Structure formats: structure tokens, C-alpha cells
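One structure is given below, encoded as C-alpha cells.
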Amino acid sequence: MSQELQLNGINADGGSYSDELGATITTEMISKVARGQKLTPADWEDLRRRRALDKQKADHFGVAEGIDDTKLDETGWGVVFPNNLPKKSVEALKEAIKPLLDHRKKQAAAKVAHYYREFIGEENGYKQGESKNDFLKRFGRGPGPADPEKVPYYLMLVGSPETIPFSVQYQLDVQYAVGRIYFEKLEDYYQYAKSVVEAETKGISRGKRAAFFGVANPDDRATQMSSEHLIKPLADGMKKGYKDWKLDVVAPAKATKSTLGNYLGGKDTPALLFTASHGMNFKMSDPRQLPHTGALLCQDWPGPKVRKPITEEHYFSADDIASDADVFGMMAFIFACYGGGTPKMDNFYRQAFGEPKEIAPHAFLSQLPMKLLSHPKGGALGVFAHIERAWGSSIMWDGTVRDVETFDSTINALLNGKPAGNATEYFNERYAEISTDLTSELDETTPETQDEVKLAGMWTSNNDARNYALLGDPAARMILKDKETPAAERASLGAIVSKSPASVSGVSASFQPDIVDRTPTAKAASGGPGENYGILDSFKKPAEGAAGESAPRLTGQLKEFLDKVGKYLSDALDDAASLEISTYVAEDLAGAKFENKKMTNAELRAFTRINVDGDTIVCLPKKDGEVDTEVWEIHMQMVKQAQESRTEFMKTVVSAATNLVNILPK
């Protein structure tokens, strides 16, 4: 029997779960996707080898025998840049993170010079479109344990997921300890780099303090599951094993937005924060998509039965981190859909419905972890977060067995002082194990003989383990001492960090963010100007003393233009005041025609009218006394598209009106 699956993500509009096409995700759908999933032979070889070593109880797949995976002078450390960035941008990036590069070079190259590597430039940087194996092959590496003689174990990617894709990060992480940083401001790169160096060289410690923040929204199975079966057992385990730590466990009723602020830079900020909640998800047409996707939905949300849009009062975003927040030296683990980032294309729906689904103007990292890492008062050292959907089935195996050992082991590794990238090995082990088991299950069964629920659980758990990503330097580790560094001392270091030196300021003009797909809509959504294609420029008032026609003539032309545009916008808004969607069927398509706003030689089968104030009239199609679900589903897709188009149109009208007001002669 097909079962619904729980996601830890939520759409802002109406508080529905984050399935992009509005459909409930079931085990039947997941099984279909799983059977269409393909692994390259090289990827399969990596996973098979890793699983074999795990069975042999090897300490880790990550490094070759005899190497201490916590010592950079044995493992090596490298930084990977995209090779298609302008030379001046790369030089600016290197200058910005120079403090961190110098620090890691001193550590990694202490015994062997080439254990520190910079994969940079046309020949050595990551080339757009190449796979992880293509990248490694250029440096004499294939599947198997990391060998610092050729490629260091710790690899920090410096670039957006457009220029170094998420998929490459996932697959590199099977063999290596991988982290990523990407900011749109050069000063943020410097801020993060300097924060890590200051924390490690000055011995900054937040003291042995951890906090678990778990939301359990009313009538919401996903967050109630994560609260009861993830937060609670992890906190109980830490209480037993780390009696010298101070531990805060926030009760669901108190897991509000204001409370979370206390733990993200406020008075209760710990060395390690673990959160479990829904992550916010926005449509491409929503200007909040880029700045607020992955924001954490708190207990303030009254639950899905309320059926009201979610507002900023309900969730905690990057905008809610105070300018004087004290996050210097902390680490965070965020369990939430889209908490780490969002791909451009939704691969799940491509495989489930046979066509690609674009869910973002470009792949991007969520801003909440980026703001934590680059805070001007001193940044966090690292953030573990999920790319795309986070699945509840990875907490409850087969829906009945609680299995949080992977989370627990990762936390233990961090608390014991291991580098962040090394701590994520437990998720890589889980990914390798489930991938091999999943492949065997697919090979040994057919759609007729498969256990649908079992297959769906394996697939979701597999993807969940794969999509955890470390944002930050993979060699960063928690600086733990029994006594916390006084806040005033941390603040003074943060003040030093907060201003970049002249060397960074001097190259900032040459720096360009490496997002390669910035559409006009995306620019406007992210706070930048949209395109006006030069139309408005022709009406701008000439600067004083400039050659050109007189102001009175310009004013006359402008008035004539505004009158025409105003009439057009007025007529268009009248048309948009109500939305009517009609679905017809016809036995003879050639004879069906649309003339004078009417359809002839066709039968009306469904009708929806939505007024601008929200009043709605619906006429459902019936067949043999029952609702004709096939026609109705098609009709509802058309309604959704029409609503999205009207929303975009209204935004365009507002933008146009605003621009016209701005060019009026002053």
C-alpha cells in the first residue's frame, strides 16, 4: 500500500509542504524515481569500495593506511577554485582569504611542501561541466582512499554551486573531507577566513556548552517526529556521555523565533547548536526566494491546518541575525529542507513526472549559514546543513525503527575535537552503505515484486545522507576548553576581524560573484536592479549644463508617454481584477476554435473564477456521477499557472509604476 512521506520543508504560500507541483509525495512516487536513478560506473566503484572498507571495520575510507586523518601535515589541505572566473576575480578572492591560505599552508606543508595545494587557473581549477572523477583524473587519482601525494584529503571549494555543482561536492565527499564557502561580497570572504585563523591561533573557546532546538508545530507530523525521534535521543545521549558539558534542550513550546535568536548570537549562544525544524521554501516568483529559502520555521507557526500564508514573524532568516550577534567560534547543525542550499532543477520531479522542473533561477546557498560564517563581529567556524529536501524517513528507518546513530556519531566527532570535514564521514559511510544496498534491491526485484515502502525508505535515506553538506573550511574544528573565553575578549577579536585590510579593499573593484545565471527577475528578487532595456533612460532629465532639449519639451514628451502607459496599465489591471480559467474537451480538435473570447465546437468541463479579493467560484467536472479527477487535475494545473502569471504581472505593474514615478522631473 502506498504511503505518504514526511518532509522537513514548507511552502510560504498557505503553509503547504514543499512539493513543488502541489502533489503529495508517496512511496509509490519515490519507488518510480528510485528505479530511474542512475549512477555512473565510477561513482558506483567509489561507493562499492567504501562499503567494502566499512565492512572491514576500517577507521575511515577517507585516507590511506597509516595517515592520521586529523593532522594536516599528514592528510594535506587544498583549495579548489572554478577555472572560468576572470583572472582579476580569482586574484581578488585569493587576497581576501589569504589569512586562511597562509595558515593552512603553514600547517599542511610543515613536512611536505606539496601537501598544500591550490587548484586554480585555467589548467588546474575545476572545469565547468566535468564530473568529480574527471577532475581527480587530471591529478592522477581515481576511486579509493585519499592520497595527499596527489590530492589532499581536506578540500575547500571556493565558488557557487553554479560553477562547482552540488553533485561534484557530494561525490568528492565520498573520498575526501569537503567544505564550501561562497559569498557575494569580497569582505565576507575575508571575514570568514580571518575568523577561523583568529579562533585557532588565539585559542578562542565558547566553553563546553551545547544546545538542541527542536520545533514541534501543531498537527505537523514531520516536526513532531524530528522533535521526538531526533532531538530527544541526541540530547539524552549527550547528557549521558558528556557530563562536563552544559546542555540546553529547548522544549518545543518554547522553540520560538525569539528564543532561537538567543541561541544564534544572543545571550545563550553555545559552542554547538543543533536545530530541527521545517526549512522555508519559496516559489521562483517570490522575491524572498534567494534571501529567505532555508530559513527556520519556528514554533510561532500554528501548523498546516490553519491554511494561512507564512510570514516573516514565523521563521528565522539571515535578516534576523543581529548586527551585534556573538557567533564567533561556534558551529551549527541545521536539520531542515533547503537549510544549506537549493539546486536550479528539481531532479525528483524530473524522474517522477518525466520532465525537468526549474525551482530556482540558479543553484544557490542559503543565506542563513552564510551570514553566520561571515558575521562582521566574527563568524561561526562551520555549518552543517541540508541541500534540497530533508526526509523524515532518515530518522525512522522503515517507518518503525529510530535510527539516529549517524547524527550522534557526527556530533561526538565534533565534541572530541575532530575537524568538521572529518566528522561528516559518518554521513558518507551511510550514503555508501545505503547506495549499495539500494542498487542490490533494484537489481534483484521488479516493479511487480518490489516492496514499495522499503524501496522508498532506502531511496530517501540515501539521498538524505548524500545531501548533507559542510559550509565552511573542512579543517576547522571546535576550540574546546573547560573555561569559556570572556565575551569581551571575543568581541575585541571580532572588532579586529570586522574591517578588511587595504590589500582586500584595493582589489575589491576587480571582484565579481561567480553566479553565471542572473536573470532580470533574479536581480530584482535579490535586491539588485531589474532591466529596463533603456526605455526609461530616454526620459531621464539631462544633467544641469548638459547638451540636450529643453526641460519643457522633455516634460511634454514624458507626459504624453505617461498618459499612454497609464491607460494601458489601467486597462490591464481591470482585466487582472478577476481570473477566469475554463477547461474544454472536444472530440474533433480541428473543429474547435477560440474566436471573440469564446470557444466553439467544444464542451466546457471545468471552470474557476478567482476575484482579486480572493472570492472564488468553482465548477467541478463530473463523470458517471463522480468527479472526473483526470480533467480536474489538468484544470488545477492551469489554475496554478494562471495565478502565478497574474502574480508576476502585478509585480511588473508595480515595478513599472515605481520606475515611472522615479523619473518624473523633480
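The values are calculated or read from the model by the stated rules, or taken from the named source; none is laboratory data. Please read all numbers here as calculations on a predicted model, not as lab measurements. Cβ: placed from backbone, ideal geometry, glycine included. Neighbour counts: every protein chain shown.
Checking the condition within 30 Å of Gln128 (Cα to Cα) and in a helix (DSSP H, G or I), which residue from Glu187, Glu228, Glu200 passes?
Working: Glu228 fails: within 30 Å of Gln128 (Cα to Cα); Glu200 fails: within 30 Å of Gln128 (Cα to Cα).
None of the others qualify; the one that does is Glu187.
Hey, among Asp319, Asp324, Asp268, which residue is touching a Pro at 6+ places or on another chain (Cβ under 8 Å) and free of Cβ contacts under 8 Å to residues at least 60 places away in the same chain?
On the way: Asp324 fails: touching a Pro at 6+ places or on another chain (Cβ under 8 Å); Asp268 fails: touching a Pro at 6+ places or on another chain (Cβ under 8 Å).
Of Asp319, Asp324, Asp268, the one residue that is touching a Pro at 6+ places or on another chain (Cβ under 8 Å) and free of Cβ contacts under 8 Å to residues at least 60 places away in the same chain is Asp319.
Return the residues of the range 113-130 that are assigned to a helix (DSSP H, G or I) and out of contact with any Asp or Glu (no Cβ under 9 Å at 6 or more places or on another chain); say none if nothing qualifies.
Correct list: Ala113, Gly121, Glu122, Glu123.
Whether any residue in the range 144-161 is buried (at least 22 other Cβ atoms within 10 Å of the Cβ) and within 30 Å of Ile310 (Cβ to Cβ) is what I want to check.
yes
Only one of (1) closer than 20 Å to Lys208 by Cα; (2) crowded, with 24+ Cβ neighbours inside 10 Å; (3) among the β-branched types (Val, Ile, Thr) is not met by Val249, so which one is it?
Condition (2) is where Val249 drops out.
Can you tell me how many residues in the range 203-225 are of a type in the set (Gly, Ala, Ser), within 30 Å of His103 (Cβ to Cβ) and outside any loop (DSSP other than H, G, I, E, B)? First the steps, then the outcome.
Of the range 203-225, the ones of a type in the set (Gly, Ala, Ser) are 203, 205, 207, 210-211, 214, 216, 222.
From what's left, within 30 Å of His103 (Cβ to Cβ): 203, 205, 207, 210-211.
Adding the requirement that they be outside any loop (DSSP other than H, G, I, E, B) leaves 210-211.
So the answer is 2.
A quick yes/no check of all residues on (1) farther than 23 Å from Phe166 by Cα; (2) at pLDDT below 95:
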position: Gln56; (1), (2): yes, yes
position: Leu72; (1), (2): yes, no
position: Phe81; (1), (2): no, no
position: Glu91; (1), (2): yes, yes
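Find the residue count for the range 471-488, including only residues that are among the small types (Gly, Ala, Ser) and surrounded by fewer than 24 Cβ atoms within 10 Å (Cβ to Cβ). Reasoning before the result, please.
Start the filter on the range 471-488 by keeping residues that are among the small types (Gly, Ala, Ser), which leaves 472, 475-476, 487-488.
Remaining after also requiring surrounded by fewer than 24 Cβ atoms within 10 Å (Cβ to Cβ): 487-488.
Number satisfying all stated conditions: 2.
For the subset of the range 213-224 comprising residues that are buried (at least 23 other Cβ atoms within 10 Å of the Cβ) and touching a Ser or Thr at 6+ places or on another chain (Cβ under 8 Å), which member is nearest to Gly494 (Cα to Cα)?
Looking at the filtered set, the residue picked out is Phe213.
Within the range 509-526, take every residue that is modelled with pLDDT under 75 and polar (S, T, N, Q) and give me the one that is farthest from the chain's Cα centre (by Cα).
Kept after step one, since they are modelled with pLDDT under 75, are these residues of the range 509-526: 509-510, 515-526.
Of the ones still in play, those that are also polar (S, T, N, Q) are 510, 519, 521, 526.
Working: Ser510: 27, Thr519: 19, Thr521: 19, Ser526: 15 Å.
So, considering only residues that are modelled with pLDDT under 75 and polar (S, T, N, Q), the one farthest from the chain's Cα centre (by Cα) is Ser510.
Scanning the range 108-121 for residues that are crowded, with 18+ Cβ neighbours inside 10 Å and of a type outside the set (Val, Ile, Thr), which turns out nearest to Ala199 (Cα to Cα)?
Within the range 108-121, the first condition is being crowded, with 18+ Cβ neighbours inside 10 Å, and the residues that meet it are 108, 115-117, 119-120.
Those still in the list that are of a type outside the set (Val, Ile, Thr) too: 108, 115-117, 119.
Values: Ala108: 18, Tyr115: 23, Tyr116: 21, Arg117: 23, Phe119: 26 Å.
For the range 108-121, the residue satisfying everything is Ala108.
Is it true that Leu172 is within 20 Å of Tyr426 (Cβ to Cβ) and surrounded by 22 or more Cβ atoms within 10 Å (Cβ to Cβ)? Break it down stepwise before answering.
Numbers: within 20 Å of Tyr426 (Cβ to Cβ): yes; surrounded by 22 or more Cβ atoms within 10 Å (Cβ to Cβ): yes.
So Leu172 fits the description; yes.
How many residues, within the range 275-300, are aliphatic (A, V, I, L, M) and either over 13 Å from the mean Cα position of the chain (by Cα) or over 16 Å from Lys371 (Cα atoms) (or both)? Don't jump to the end; show me each part of the working.
Filtering the range 275-300 down to residues aliphatic (A, V, I, L, M) leaves 276, 280, 284, 290, 295-297.
Checking the rest, the ones that are also either over 13 Å from the mean Cα position of the chain (by Cα) or over 16 Å from Lys371 (Cα atoms) (or both) come to 276, 280, 284, 297.
Result for the range 275-300: 4.
Scan the range 486-507 residue by residue and report those that are in contact with a Leu (Cβ under 9 Å, 6 or more places away or on another chain) and either over 25 Å from Phe328 (Cα atoms) or outside the structural domain of Tyr189 (by TED's automatic domain parsing) (or both). Before you say what the answer is, go through the steps one by one.
Going through the range 486-507, the residues in contact with a Leu (Cβ under 9 Å, 6 or more places away or on another chain) turn out to be 500, 504-505, 507.
Correct list: Val507 only.
Restricting attention to the range 292-306, report how many residues are closer than 10 Å to Leu260 by Cβ and in contact with a Pro (Cβ under 7 Å, 6 or more places away or on another chain).
1
In the range 439-498, how many residues are assigned to a helix (DSSP H, G or I), in contact with a Lys or Arg (Cβ under 6 Å, 6 or more places away or on another chain) and either among the basic types (Lys, Arg) or at pLDDT 80 or above (or both)?
Number of matching residues: 1.
Out of Gly294, Gly266, which single residue is assigned to a loop (DSSP other than H, G, I, E, B) and at positive phi? Lay out the reasoning, then the answer.
Details: Gly266 fails: at positive phi.
Step by step, each of Gly294, Gly266 is checked, and only Gly294 is assigned to a loop (DSSP other than H, G, I, E, B) and at positive phi.
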